[in-house]
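Structure first, then comments.
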Protein chains: 2
Amino acid sequence: MGVKLGLIGTGTVGGGCLDIINTHKQDFLHHYGIDLEVARVCSRNPEQAISHGYGDCFTSDFHDIINDPDIDIVIELIGGTTTAKDIVMGALAAGKQVVTANKALMATSGEEILDLADKMHCEVAFEASVGGGIPIIVPLKHSLISNEVSSILGIVNGTTNYILTLMAESGINYSDALALAQEKGFAEADPTADVDGLDAAAKIAILASIAFNTRITMDQVYHEGIRLILPTDLTAAQDMGYCVKLLALANRTDEGIDVRVHPTMVPLDHPLAAVNGVDNAIYVKGDAVGETMFYGEGAGAGPAASAVMGDVLETARRLQAGCQPFVGCTCTDTLPLVPMENLTTRYYIRFEVEDRSGVLAATANVFSNHDVSVYSVIQRGKNEGGTVDLVYITHTARERDIRKVLSDIRCLEGVLVDDSEPTVIRVQK
Amino acid sequence: MGVKLGLIGTGTVGGGCLDIINTHKQDFLHHYGIDLEVARVCSRNPEQAISHGYGDCFTSDFHDIINDPDIDIVIELIGGTTTAKDIVMGALAAGKQVVTANKALMATSGEEILDLADKMHCEVAFEASVGGGIPIIVPLKHSLISNEVSSILGIVNGTTNYILTLMAESGINYSDALALAQEKGFAEADPTADVDGLDAAAKIAILASIAFNTRITMDQVYHEGIRLILPTDLTAAQDMGYCVKLLALANRTDEGIDVRVHPTMVPLDHPLAAVNGVDNAIYVKGDAVGETMFYGEGAGAGPAASAVMGDVLETARRLQAGCQPFVGCTCTDTLPLVPMENLTTRYYIRFEVEDRSGVLAATANVFSNHDVSVYSVIQRGKNEGGTVDLVYITHTARERDIRKVLSDIRCLEGVLVDDSEPTVIRVQK
């Protein structure tokens, strides 16, 4: 008698899962003794279920799945934090195992969900919520647990990595790169969640919660996106031996957990610097393992479905063995978060000024006034209208002092800023 | 009551494990509820046990561990295939779980060991046998099992990767690079197992067995080492957009499993091309996940101990939950191996010739005589004594035809080869 699955959501990822099951069901039984049976498929779109051969067990009401006593594992693939939460909580309350790819849900309601799972002796697996097909949650929850993790740096959003790679390679600006990404299906019509760093914030909240054994939700993650990055920033970075990536970072510090998402200058010899296009990679540093990195395709039907089905197979294997889950919520600690203004790092700051004497000195004075030590300042290019860009690189400074610097620079005569400038890129060691 | 460990072997890796336990024992209990207790430590060197604080439970006889009914998990870290095998088989026969870092043992006696483990309802975990601290066996046995894996390419030997990196970066020859590697502790006094590809052969045998569900032993793996590589090969490769790595490869083909270890030209834009120095990386391609790569430090006390202790903690967690292992041997198939002479790939072939007319034509005729199509031929540099190097790159050719080419070229007048030349480097697509 097989392990009975109820799959909810038949879009890209759900369709990918059904494809895998249709192709490899016999292999799973033959190689691993895992006997999967798709008992019910729920979707708003019956055609999608029918086209995969599951018209017979189709339902448009997820309650038919969570209330079906025969179903062992509920696979939630509709996304979002409303109905998806009802599904996940409802399935757990009914004593079912849950597999989900839902980063937003896990990064906002993870505690509540995992608490209910623990109470019900059920498991919630969510490998696909971060990094598409890249195994990262399983390694963090299993293989690497003998380590105290000190740092996680992730390129976890394919859309922004594609846009930044394109801008760096071809010199086109953000809007044109975004349009190309949209054309190729690498960016949504409304790209906000990706380009403003919200998607990455959810993912690093999940990874940091696991790695540091402390609950971090996505609304606690400071995030900046990539809209303000100009091609000149990428060229300037390259000249200094860096590339610019939208990094999701989480560091264990003496003051607490430092977790944030923002464009970051990454040294060209760092393993993450070679991660281009829509690829994702997560770099993890632990006290025993040292530096390690997990790389792969961060999106798409196949990769995400690979991760979902890995979780499904593992859960099914455990159920067949008659075992209760032995890994639940591991957020045993309550570590403080480092406020963003307390961050200390090096900064790249670029803004446009009139090309006349006195302006450079005035801007340099601002840094000095706030005790921010300047490593280098370069005057780059000649813009339309006879202006130039000033690019400052600081020594290690406090975020709060940098904010004062930015605020003062905005008010200086001869400095030409719109609402958003100066552009700030934090520099990774 | 804790899970009782018997650790055998207190060298680099064993010492690293005891360090991790000493540092993080309370963390394991607090974060994961895993209660480890080192019950016995066995070594030829009591000082090593004493220096880690385990003088009280020291024994020099491993039978004290495998015959101790209280011990739950035996950790075998002495290496080799003789006493180590007695330990592993003895521990399993006594119903104990086994964790080992022993690649040679698993790559030669894996079947026998895993059969006994299955029979005894015990588990043998061996994450540390490949790739040091990099989680790769756990991902292959768990996260990625929804995939049909088509290809594994690994840089799995840090010694040779260090030597090749050094040769490429500094232009020094193999012997000097080896001496430097030995000086830094990155190569053994007798480097044979590393530089001749035996170590890598054991590792790819293990990975291929798991990924393709078919038993492959290390003696079945064709292997060539790096002793014949000259700095000029690395320069020539670079000029053509490649780097040279000692790759361990395993491919699923229509003819069977193609598994081998040899110096390989890797395109510079391949993720493996950026893996330098003693680092390791394993690239895996699956039908759902696409391309993925696992990167990290391939050797050293910390990384290897991280992997061993990951296995120990996972096994302990399962024992505490009262679960029997639900993943045993997965070699359910018996796939044929592709004989090396049937390999089809592109080839780099370099040899020294007298710099006079007729020689180039004579060598070109040899390729033509054996129906090997030449992509390019370059005459490189002027050697001492007025000779030059000819560097041929072929289109896709059969290994058996290439061997005929090499044999004929060795006999040509004007071709200056010692026993080993021409140098052959297979080209990765």
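Of all residues in segment A:8-20, those that are open to solvent by less than 10 Å² (accessible area, probe 1.4 Å) have Cβ atoms under 6 Å from Cβ atoms of residues that are among the charged types (D, E, K, R), 6 or more apart or on another chain, in A:8/A:76.
Listed by first and then second residue, the pairs with beta-carbon distance under 6 Å, at least 6 apart or on different chains, first residue in segment A:289-303 and facing another protein chain (nearest Cβ under 7 Å) and free of Cβ contacts under 8 Å to residues at least 12 places away in the same chain, second surrounded by 21 or more Cβ atoms within 10 Å (Cβ to Cβ) and assigned to a strand (DSSP E or B), are A:290/B:297.
For segment A:353-370, the condition of being open to solvent by less than 50 Å² (accessible area, probe 1.4 Å), closer than 30 Å to residue A:163 by Cα and of a type outside the set (S, T, N, Q) holds for at least one residue. Residues of segment A:39-68 being touching a Cys at 6+ places or on another chain (Cβ under 8 Å), part of a loop (DSSP other than H, G, I, E, B) and surrounded by 13 or more Cβ atoms within 10 Å (Cβ to Cβ), which ones? Correct list: A:62 only.
With respect to residue B:428, determine if the residue is surrounded by 15 or more Cβ atoms within 10 Å (Cβ to Cβ), more than 30 Å from residue B:71 (Cα to Cα) and not charged (D, E, K, R).
Values: surrounded by 15 or more Cβ atoms within 10 Å (Cβ to Cβ): yes; more than 30 Å from residue B:71 (Cα to Cα): yes; not charged (D, E, K, R): yes.
So residue B:428 passes the test.
Within segment A:305-320, restricting attention to residues that are open to solvent by 10 Å² or more (accessible area, probe 1.4 Å) and closer than 22 Å to residue A:131 by Cβ, the residue that is farthest from the other protein chains (Cβ to nearest Cβ) is A:311. For segment A:386-413, the tally of residues that are touching a Gly at 6+ places or on another chain (Cβ under 9 Å) and open to solvent by less than 10 Å² (accessible area, probe 1.4 Å) stands at 1.
Would you pick out the residues in segment A:205-236 that are among the small types (Gly, Ala, Ser), over 16 Å from residue A:126 (Cα atoms) and modelled with pLDDT of 95 or more? Listed by number, the list holds a single entry, A:225.
With the structure loaded, tell me whether residue A:71 is outside the structural domain of residue A:248 (by the TED database) and in a helix (DSSP H, G or I) or whether it fails that test.
Details: outside the structural domain of residue A:248 (by the TED database): yes; in a helix (DSSP H, G or I): no.
Considered against the rule, which asks whether it is outside the structural domain of residue A:248 (by the TED database) and in a helix (DSSP H, G or I), residue A:71 comes out as no.
Each residue in segment B:129-143 was checked for being within 10 Å of chain A (Cβ to nearest Cβ) and outside any loop (DSSP other than H, G, I, E, B), and 7 pass.
Here's the yes/no breakdown for (1) more than 19 Å from residue B:234 (Cα to Cα); (2) assigned to a helix (DSSP H, G or I); (3) in contact with a Lys or Arg (Cβ under 8 Å, 6 or more places away or on another chain):
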site	(1), (2), (3)
B:107	yes, yes, yes
B:147	yes, no, no
B:151	yes, no, yes
B:169	no, yes, no
B:180	no, yes, no
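Which count do you get for residues in segment A:328-346 that are farther than 30 Å from residue A:233 by Cβ and outside any strand (DSSP E or B)?
From segment A:328-346, those farther than 30 Å from residue A:233 by Cβ are A:328-336; that's our starting set.
After this cut, where a residue has to be outside any strand (DSSP E or B) as well, the list is A:328-332, A:334-336.
The total comes to 8.
Of all residues in segment A:21-37, those satisfying the criterion of being open to solvent by 10 Å² or more (accessible area, probe 1.4 Å) and in contact with a Gly (Cβ under 8 Å, 6 or more places away or on another chain) are A:22, A:35, A:37.
Any idea which residue in segment B:280-294 is surrounded by the fewest Cβ atoms within 10 Å (Cβ to Cβ), counting only those that are among the small types (Gly, Ala, Ser), in contact with a strand residue (DSSP E or B) (Cβ under 9 Å, 6 or more places away or on another chain) and at negative phi?
So, considering only residues that are among the small types (Gly, Ala, Ser), in contact with a strand residue (DSSP E or B) (Cβ under 9 Å, 6 or more places away or on another chain) and at negative phi, the one surrounded by the fewest Cβ atoms within 10 Å (Cβ to Cβ) is B:286.
Can you pull out the residues in segment A:115-124 that are buried (at least 22 other Cβ atoms within 10 Å of the Cβ) and not β-branched (Val, Ile, Thr)? Break it down stepwise before answering.
Quick first cut of segment A:115-124, residues buried (at least 22 other Cβ atoms within 10 Å of the Cβ) only: A:117, A:122-124.
Once the filter is applied, which keeps residues that are buried (at least 22 other Cβ atoms within 10 Å of the Cβ) and not β-branched (Val, Ile, Thr), segment A:115-124 yields A:117, A:122, A:123.
Assess whether residue B:50 counts as being more than 30 Å from residue A:212 (Cβ to Cβ), away from every other protein chain (no Cβ under 13 Å), within 31 Å of the chain's Cα centre (by Cα) and modelled with pLDDT of 95 or more. No; evaluated as a whole, the condition is false for this residue.
When segment B:345-361 is filtered for residues that are modelled with pLDDT under 95 and over 14 Å from residue B:378 (Cα atoms), the ones remaining, listed by number, are B:354, B:356, B:357, B:358.
Across segment A:255-279, what is the total count of residues that are touching a helix residue (DSSP H, G or I) at 6+ places or on another chain (Cβ under 6 Å), open to solvent by 30 Å² or more (accessible area, probe 1.4 Å) and more than 10 Å from chain B (Cβ to nearest Cβ)?
Selection size over segment A:255-279: 1.
Could you say which residue among A:214, A:165, A:192, A:159 is within 20 Å of the chain's Cα centre (by Cα), open to solvent by less than 30 Å² (accessible area, probe 1.4 Å), away from chain B (no Cβ under 14 Å) and of a type in the set (Ser, Thr, Tyr)? Just one listed residue meets the conditions, A:159. With the structure loaded, tell me whether residue B:292 is outside any loop (DSSP other than H, G, I, E, B) and of a type in the set (Val, Ile, Thr) or whether it fails that test. In short, yes.
Here is a check on your reading of the model: is residue B:132 small (Gly, Ala, Ser), closer than 29 Å to residue A:136 by Cα and modelled with pLDDT under 95? It is true that residue B:132 is small (Gly, Ala, Ser), closer than 29 Å to residue A:136 by Cα and modelled with pLDDT under 95.
You will find that of A:282, A:393, A:349, the residue that is among the β-branched types (Val, Ile, Thr), under 32 Å from the mean Cα position of the chain (by Cα), assigned to a strand (DSSP E or B) and within 14 Å of chain B (Cβ to nearest Cβ) is A:282 and no other. Scanning segment B:321-346 for residues that are of a type in the set (A, V, I, L, M, F, W, C) and away from chain A (no Cβ under 14 Å) gives B:337, B:338, B:340, B:343. Within 12 Å of chain B (Cβ to nearest Cβ) and among the acidic types (Asp, Glu) - does that describe any residue in segment A:103-114? No, because not a single residue in segment A:103-114 is within 12 Å of chain B (Cβ to nearest Cβ) and among the acidic types (Asp, Glu). Quick one: is residue A:297 closer than 30 Å to residue B:274 by Cβ, surrounded by fewer than 20 Cβ atoms within 10 Å (Cβ to Cβ) and under 20 Å from the mean Cα position of the chain (by Cα)? Criteria not met by residue A:297.
A quick yes/no check of all residues on (1) assigned to a helix (DSSP H, G or I); (2) in contact with a strand residue (DSSP E or B) (Cβ under 9 Å, 6 or more places away or on another chain); (3) under 23 Å from residue B:216 (Cα atoms):
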site	(1), (2), (3)
B:313	yes, yes, no
B:322	no, no, no
B:326	no, no, yes
B:377	no, yes, no
B:389	no, yes, no
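Suppose we keep only residues that are outside any loop (DSSP other than H, G, I, E, B) and over 14 Å from residue A:349 (Cβ atoms) within segment A:399-429. Which one would you say is nearest to the chain's Cα centre (by Cα)?
Within segment A:399-429, the subset outside any loop (DSSP other than H, G, I, E, B) is A:399-411, A:415-416, A:423-427.
Now restrict to residues that are over 14 Å from residue A:349 (Cβ atoms): A:400, A:411, A:416.
Details: A:400: 26, A:411: 35, A:416: 34 Å.
The selected residue is A:400.
The values are calculated or read from the model by the stated rules, or taken from the named source; none is laboratory data. On a predicted model such as this, the values are computed, not experimentally measured, just so you know. We place every Cβ from the backbone using ideal geometry, glycine too, and count neighbours over all the protein chains shown. Remember, those area values only see protein heavy atoms, side chains included, never the ligands or the DNA or RNA. Shrake-Rupley method; radii C 1.70, N 1.55, O 1.52, S 1.80 Å.
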